[in-house]
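Note sheet for the following structure.
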Amino acid sequence: MSFNGRGKRGKWLALALNTPFRLSLLAISISTVIHPALAAESSSEQDMVVYGEDRLAADEQQDYAVKTTRAGTKMLLAPRDVPQSVSVVTQQRMKDQDLQNIDEVLTNATGVSSQQIDSERSNYFSRGFEITNFSYDDIPTAMGDAWNFGDATSDTAIYDRIEVVRGAAGLMTGAGDPGASVNMVRKRADSKEFSGNVSASYGSWNKQRYVADLAAPLNSDGSLRGRVIAGYQDQDSWLDRYGKRKKFLYGVMDADLTASTTLSLGWDYQQTNTANPTWGGLPALYSNGSRTHYDRHVNTSADWTGYTIESRKVFASLTHSWDNGWSFRLNGTHGEQTFNDTLLYVMGNPDASTGEGASGWGSQDRGKRTLDSFDSYASGPFALLGRQHQLMAGASYSRQHNATFSKDGPMDSVGIFNNHWDGSVAEPVWSDWYQNADDIVRQKSAYTAARLSLADPLSLILGARYTQYSTNGSSGEMRKYNTTPYGGVVYDITESLSGYASYTSIFAPQTKRSKDGAWLSPVTGKNYETGLKADWMDGRLTTNVAVFRIEQENAAEAIGGEFVNGSSEQAYRATKGAVSKGAEFEVNGAVTDNLQLTLSATRYVARDTDGRFNSYAPQTQLKLFSRYRLPVMPELTVGGGVNWQNRVYKDVTGPDGETQRLYQGSYPLVDLFAQYQLTKQLAVQANISNLFDREYYSYLDDSAVYGEPRNVSVSMRYTF
């Protein structure tokens, strides 16, 4: 339960960042165009709105927006009451766009860009900074590009929604990223009657996918409930010889111990096996310094390469609610992820005519990551000076153990590397196993925040998090202690429009290393944000305009072609004086009962003392995706969208030792989908991605990785 006061129409004073008033006018005018009737709303009295976490009505289950969220503060609030930019990718949006894993969700999320380093790994950026902090049901974990433990390929079938808080979220994540944090909310066993769905799909490159999601009561009164989600996927690729199989199983039980207390226990398993995976991409330059241009089907892997990932997680949560509106939640999880790979990295600059001159580096790697995390917090209302306020307080602990081992296999030549490369190269002579890393990362935190109702239209959120962070092991020891403050103010201009501003400092110890193996110094800095938020149609449609400024020291930036101690782990440098400033806009949810859309625009400029910061992350993005149910034929739903980004570049060292700047021009990617409801239970859906088969690089450095060509899938879903 949560309380929110709505006040009289008032004037919003510019706060924090001296927000340009023309931006405020833009937000109001856009909102007026979307819902002109609602733009004139006003209220002469303060109303107390009570938010609950009950199940959604049928129409709201198909929405792209959510009415309430705990993202950013852990207090249950309407999105417009959170003084930061928050985007939620709902289950319906994932179904419509056929977003099957976390990588695809983040690639299409507002304000987030992705770089596909190779066939198995991706990096994500927001506001110019890399995203490495991810949470499962509010329990933080760290994800980096050094080793692939399968986080980005986690299947979306088990998630109810994906929440992205842009800007620093140190109050919730402790050692947090300056760009964004991502929280994946698992599905629960919330049905007191037998229900579920089964689906099957087939698409380009022989991609087959089968998923079953079943929920049922386990006793007569439904106080004990269960849910099982199982899936299998088998696919080839536009890359020659590539194949991947994935299987996953998810089970959860919810038990109402009392009318106010619920216990949830669950298990999550996923395994992927990949044949002929790539490590890195195609050579970016020929020996004469000119740009390469290979066919997109060329695969740099050898016939003896492979990649296996296995993930197991057990988790539990206990929730208790009191009649006075207070609630308590305890979360815990234990996770084990392992990987085992044999890879080939194609290096050097082949001759443009003969294809000769490329060398290789073979690597056999295995590793295990173990994570134990616990988080508990209480939240609820309290009265002070005749007004209702909210308070939240909690504590968390996590211990993560990473251990990796490798064998090296240098290769003087991989033969003739051109469009006819078929991977038939002899396996190298392998070195003995050696340990890359054996490190333990611990984080202990205590945090609190209060939402104070200062006046009918004005609320203030103040909070802080104290963190003890330590690492020890093969990479040395590091201990850091930090208090991260958080402040935000929200002013209700009308019943539907609010202005907000927020400030937080940044503290993020890093697990990224320099080329000699030393930990980079912690990221420190400040994060400012101000903007306008609105909601319409009883919260089913939200809009947000934000202006931000992020000041950072020691932010990590990858060094092209450099690896830690000669291993396959990417080396980084600590940047100085990195500053990102820009603006974002988002409209998300139900424009009408028949039309859902997500429309967003992002523009920022990020620089450090050496020039543009993370230059391959696009600084301008436009994203649109929508679904429209035809009123004259309600069985038919059509939709689609486009993602556009501006030109990016990367400076690399050419064959002659001189620096060259490689560009990827701006490009749009268009997707379409259509769904037809054959019966009340049975639906068929078709999706097309990259409709115009745009050829582009999703990553460009001394190696180049092509993005996915046009592909099509058809699926059937039976719901009961």
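The values are calculated or read from the model by the stated rules, or taken from the named source; none is laboratory data. What you see is a predicted model, and the numbers here were worked out from it, not measured in a lab. All Cβ positions, even for glycine, are placed from backbone atoms using ideal geometry, and neighbour counts span all protein chains on display. Each accessible area value is taken on the protein alone, full model and side chains, heavy atoms only, with ligands, DNA and RNA left out. Shrake-Rupley method; radii C 1.70, N 1.55, O 1.52, S 1.80 Å.
Before moving on, here are some points about what is shown:
- Intensity falloff of region 401-488 expressed as log10 I(q)/I(0), Debye formula with alpha-carbon point scatterers, at q = 0.18, 0.19, 0.20 Å⁻¹: -0.92, -0.95, -0.99
- ³J(HN,Hα), Karplus 6.51/-1.76/1.60, whole Hz, each residue of region 71-82, x for Gly, Pro: 4, x, 9, 6, 8, 6, 9, 5, x, 6, 8, 9
- Heavy-atom accessible area order for Tyr667, Tyr202, Tyr397, Tyr491, largest first, 1.4 Å probe: Tyr202, Tyr397, Tyr491, Tyr667
- Solvent-accessible area of Phe720 with every protein chain in place, 1.4 Å probe, in Å² to the nearest 10: 80
- Translational diffusion coefficient of region 335-431 (Stokes-Einstein, Kirkwood radius from Cα pairs, 20 °C, 1.002 mPa s): 116 µm²/s.
- The 3J(HN,Hα) values that the Karplus relation (6.51, -1.76, 1.60; θ = phi - 60°) gives for region 235-248 are, in residue order, 8, 9, 7, 5, 7, 4, 6, 7, x, 9, 10, 9, 9, 8 Hz. Gly and Pro appear as x.
- Taking the C-alpha atoms only, the angle from helix 21-34 to the longest principal axis of the chain is near 80 degrees.
- The helix-based estimate of mean residue ellipticity at 222 nm for the chain, built from -39,500 (n - 2.57) per DSSP H run of four or more residues and divided by its residue count, is -1500 deg cm²/dmol to the nearest 500.
- Loop sites here are GluC sites (Glu not before Pro) outside DSSP states H, G, I, E and B with no more than 15 other Cβ atoms within 10 Å. The longest part of the chain free of them is 194-355.
- Accessible solvent surface per residue of the chain, calculated while the other protein chains remain in place, 1.4 angstrom probe, Å²: 39
- Accessible surface, 1.4 Å probe, highest first, among residues Met392, Met537, Met253: Met253, Met537, Met392
- Sequence-separation-based contact order of the chain, relative, with Cα cut under 8 Å and 6+ spacing, percent: 13
- Within-11-Å neighbourhood charge of Trp361 [Cβ basis; K, R +1; D, E -1]: -2
- Global geometry of region 483-630, whether rounded, prolate or oblate, following the gyration tensor of its Cα atoms and the 1.5 cut on a/c: prolate
- Spatial offset of region 400-438 relative to region 521-584 amounts to 33 Å, using the alpha carbon center of each.
- Backbone amide hydrogens, once placed in the peptide plane, bring Ile559 within less than 5 Å of Ala571, Tyr572, Arg573, excluding anything fewer than 5 places away on its chain.
- Between region 71-128 and region 253-294, the alpha-carbon centres lie 15 Å apart.
- Accessible area per residue (1.4 Å probe, heavy atoms of protein chains only) ranks His389, His420, His334 as His420, His334, His389, with the largest value leading.
- Arg225 - accessible surface, heavy atoms, 1.4 Å probe, Å² rounded to 10: 20
- The fraction of accessible area contributed by carbon and sulfur in the chain is 54 percent, rounded to a whole number (1.4 Å probe; ligands and nucleic acids excluded).
- Listed values (1) 118, 64, 40; (2) 89, 60, 54; (3) 79, 58, 48, entry calculated as Cα extents along the principal axes in Å: (3)
- Calculated from backbone phi, Karplus (6.51, -1.76, 1.60) coupling profile of region 190-200 in Hz, x at Gly/Pro: 10, 9, 9, 9, 5, 7, x, 7, 10, 9, 9
- When the surface is traced with a 1.4 Å probe over the full set of protein chains, Lys581 keeps roughly 110 Å² accessible.
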